[in-house]
Amino acid sequence: MFGHINLEGVKGVLIDLDNTLYPYLPNHQRSMEICLIHCEKKYGIPGAQFTDIFKQSRSDVHRDLHGQAASHSRLLYFLKFSESFFGKTNPVFALEMEELYWSEFLSGMMFNPGAEEFLKEMSFRGIGSCLVTDLTTHIQMRKWNVLNLGRYIDFMVSSEEAGIEKPAPGIFEMALKKLKLEAKDVIMLGDSEEKDIKGAEALGIRAYLIR
Ligand SMILES: [Mg+2]
């Protein structure tokens with residue numbers, strides 16, 4: 001997955017986190033399964049109803065907060081879920097479900113094949129690096145800690161911190177500023193053609209798609 005990246009002459013690496021350094025889907029699916037079982041046992045919410053309410057809540061949050069970090073907030077998904085199911089905001093439920101979702105997710109996180117070897121090589125060469133990631137800072141820092149990314153990566157910019165999501169230039173520009181580097185000195189790695197590759201290339205940053 002990382003074998004095609006040329007680090008010759010590169011002074012800095014911008015790198016996406018979700019689905020680039022680790023696989024997103026298996027962790028998400030496990031978390032959803034755990035949440036569904038928990039809701040069935042503790043609140044008597046049938047599985048099919050859980051799935052329907054969750055999908056509707058998530059799509060409402062996506063619609064209301066499109067392009068912002070909080071559009072991916074599990075806390076907001078479960079807040080809307082609680083309002084739909086209980087008929088009013090239930091912070092105990094929303095916080096409980098958010099923590100259940102993320103603790104399960106984090107417990108299974110492992111590097112994608114070749115990712116850690118790439119990061120080692122990058123840091124061995126003394127190349128500066130910055131995560132450029134769409135989501136809220138708190139959870140991205142928890143993921144950073146699980147993967148112990150501080151061994152290899154110098155900085156992080158979340159879309160919450162930048163106030164805008166990829167592919168907008170602002171988030172990439174904040175990463176360049178933290179690294180004190182220019183677009184021509186860095187490369188971008190990510191799994192999304194739309195967000196990572198086109199976003200970086202619009203600023204003249206060479207980008208590699210990670211499949
Ligand atoms: Mg990604």
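Of note:
- Given (1) surrounded by 14 or more Cβ atoms within 10 Å (Cβ to Cβ); (2) in contact (Cβ under 8 Å) with a residue 40 or more places away in the chain, number of the condition residue 78 does not satisfy: (2)
Residues are listed down the side, and each one gets a yes or a no for (1) touching a residue at least 40 places away in the same chain (Cβ under 8 Å); (2) in contact with a Gly (Cβ under 6 Å, 6 or more places away or on another chain); (3) not in a loop (DSSP other than H, G, I, E, B):
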position: 2; (1), (2), (3): yes, yes, no
position: 7; (1), (2), (3): yes, no, no
position: 13; (1), (2), (3): yes, no, yes
position: 28; (1), (2), (3): yes, no, yes
position: 33; (1), (2), (3): no, no, yes
position: 42; (1), (2), (3): no, no, yes
position: 58; (1), (2), (3): no, no, yes
position: 63; (1), (2), (3): no, no, yes
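- Residues being within 15 Å of the chain's Cα centre (by Cα), part of a helix (DSSP H, G or I) and surrounded by 20 or more Cβ atoms within 10 Å (Cβ to Cβ) - total across the stretch 180-202: 1
- Within the stretch 190-202, residues that are in the same structural domain as residue 119 (by TED's automatic domain parsing) reach partners that are away from the ligand (no atom under 11 Å from the Cβ) and at pLDDT below 95 with beta carbons closer than 8 Å, at six or more positions or on different chains, in the pairs 191/211.
- Residue 205 satisfies every condition listed in (1) within 12 Å of the ligand (Cβ to nearest atom); (2) surrounded by 21 or more Cβ atoms within 10 Å (Cβ to Cβ); (3) touching a residue at least 60 places away in the same chain (Cβ under 8 Å) except (1).
- If you filter the stretch 12-47 down to residues that are within 12 Å of the ligand (Cβ to nearest atom) and touching a strand residue (DSSP E or B) at 6+ places or on another chain (Cβ under 8 Å), you find that the one that is farthest from residue 206 (Cα to Cα) is 24.
- With respect to the conditions (1) of a type outside the set (A, V, I, L, M, F, W, C); (2) on the phi > 0 side of the Ramachandran plot; (3) in contact (Cβ under 8 Å) with a residue 24 or more places away in the chain, residue 126 lacks only one, and its number is (3).
- If only residues of the stretch 85-115 that are farther than 17 Å from residue 58 by Cα and in contact with a Lys or Arg (Cβ under 8 Å, 6 or more places away or on another chain) are counted, the one that is surrounded by the fewest Cβ atoms within 10 Å (Cβ to Cβ) is 108.
- Exactly one residue among 165, 98 is within 18 Å of residue 24 (Cβ to Cβ), assigned by TED's automatic domain parsing to the domain that holds residue 38 and of a type in the set (D, E, K, R), and that residue is 98.
The values are calculated or read from the model by the stated rules, or taken from the named source; none is laboratory data. Owing to the predicted nature of the structure, the values given are computational and were not obtained by experimental measurement. Reconstructed Cβ throughout: ideal geometry from the backbone, glycine too, with neighbour counts over all protein chains shown.
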